[in-house]
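Take a look at the structure below.
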Amino acid sequence: MLGLGAAGGDLAAQEPDCGDRTALRVVVLNEAEMTRARNATVIVRWTHPERTWRPVRQDVETVGSLVVCAPRNATEATLWAEFRDRSSEEAVVALGGGTLHDVTLTLRRERRSTGRLMGRVRDAMTDDPVASAAVAVSTRLRSTETNRQGDFVLSGVPVGTQRLEVRHLGYAPLSYVVDVSAGLTTEVEIGMVPDPVEMEPIVATVMRVRRLELQGFYDRRHWAELAGTGTFYTAEDVDRRRPVEISQMIADESGIRLQCNLRRTDCRLVNTRQSSGVAGACTLTFYIDGLPTRGIALDDAVRPSEIAGIEIYKGLGSGPAEFPPSRCGLVAVWTK
């Protein structure tokens, strides 16, 4: 288990309790006045030649700094800071046993006019991930390689029309035009064609919703899909289903049903796979924009047309760390 600890006061006086593990002492600054940025969020992604950990988010709150303890076998850390519509450049740190690294992240305004490309490269014939593929934009300002799962991230990509180039020995080189928007992450799914098979490469692009991006929705969806621990819907999914009430759409999930009284004046969504004892089926816990709903019916609080994303977790251990554990399961709704 990796640790995240808040740090305050004079940096020189901080004593991170990471034992023999590597520690990162992170300070977040505002670009204009170069003062500590309060309430910013730091995102850390640990990597190793054999694996990549789920990105971890931690608020620096009012102190503008924090201490992060690395997993024991992590060899590299990539981290950046975000606050509202501002973000920092990525910092990449090579890790060593028991070493303390000082890292400063500076929040810059959107006048930099950059965005981020994130995606996955797969074999178009077998759907297997393509590792160590070279990914770059034509400006050559940013380049990277895919990891063992075929995933890649390109940050600081100039806004506008860019030509994404992907190359790997044994595959036909791919060149694809993609639009990059300021402050947004564009997802790219790439299917590379093995040489000398004659077929068109497969590319699909999705523009992420900025609000969901900042709330970590897409990170949680990626890792939940790998682990099979949650169900996610976007505004496009809701529009496609066209439910009269959002509770009807959620009740279509296996193990969840809508339980109402005889007059249907009081309805609740329950998890039929869990029991709350004497009361029978468990009532799901609901959050709207990160805040719990207490005493308010979900359908009275939000309409389907107002929803940007939905997260559904059905088990006690399936929910993310961002929400308190719920034995009956939980539903997180994000509005537009």
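Residue separation of ALA321 and ARG241 scaled by 0.36 nm, minus their Cα-Cα distance, works out to 25.9 nm of gained length. Share of carbon and sulfur in the accessible area of the chain stands at 48%, probe radius 1.4 Å.
The DSSP beta bridges internal to the chain are antiparallel in roughly 80% of cases. Could you tell me which residue out of LEU174, THR185, THR205 lies farthest along the dipole of region 165-230 toward its positive end? Charges go on the beta carbon: Lys and Arg +1, Asp and Glu -1, centred on the Cα centre. Among LEU174, THR185, THR205, the one farthest towards the positive end of the dipole of region 165-230 is THR185.
Among residues other than ARG72 with Cβ under 12 Å from its Cβ, the summed charge is 0 (Lys and Arg +1, Asp and Glu -1). Based on DSSP H segments of at least four residues, each scored -39500 (n - 2.57), the chain has a per-residue ellipticity at 222 nm of -2500 deg cm²/dmol. Heavy-atom accessible surface of the chain, averaged per residue, reaches 51 Å², computed with a 1.4 Å probe. Estimated at the nearest 10 Å², the accessible area of THR62 is 80 Å² with a 1.4 Å probe.
The values are calculated or read from the model by the stated rules, or taken from the named source; none is laboratory data. Since we're looking at a predicted model, the values are computed, not measured. Virtual Cβ from ideal backbone geometry, glycine too; neighbours counted across all protein chains shown. Note: accessible area is taken over every heavy atom of the protein model, side chains too, but ligands, DNA and RNA are not part of it. Shrake-Rupley method; radii C 1.70, N 1.55, O 1.52, S 1.80 Å.
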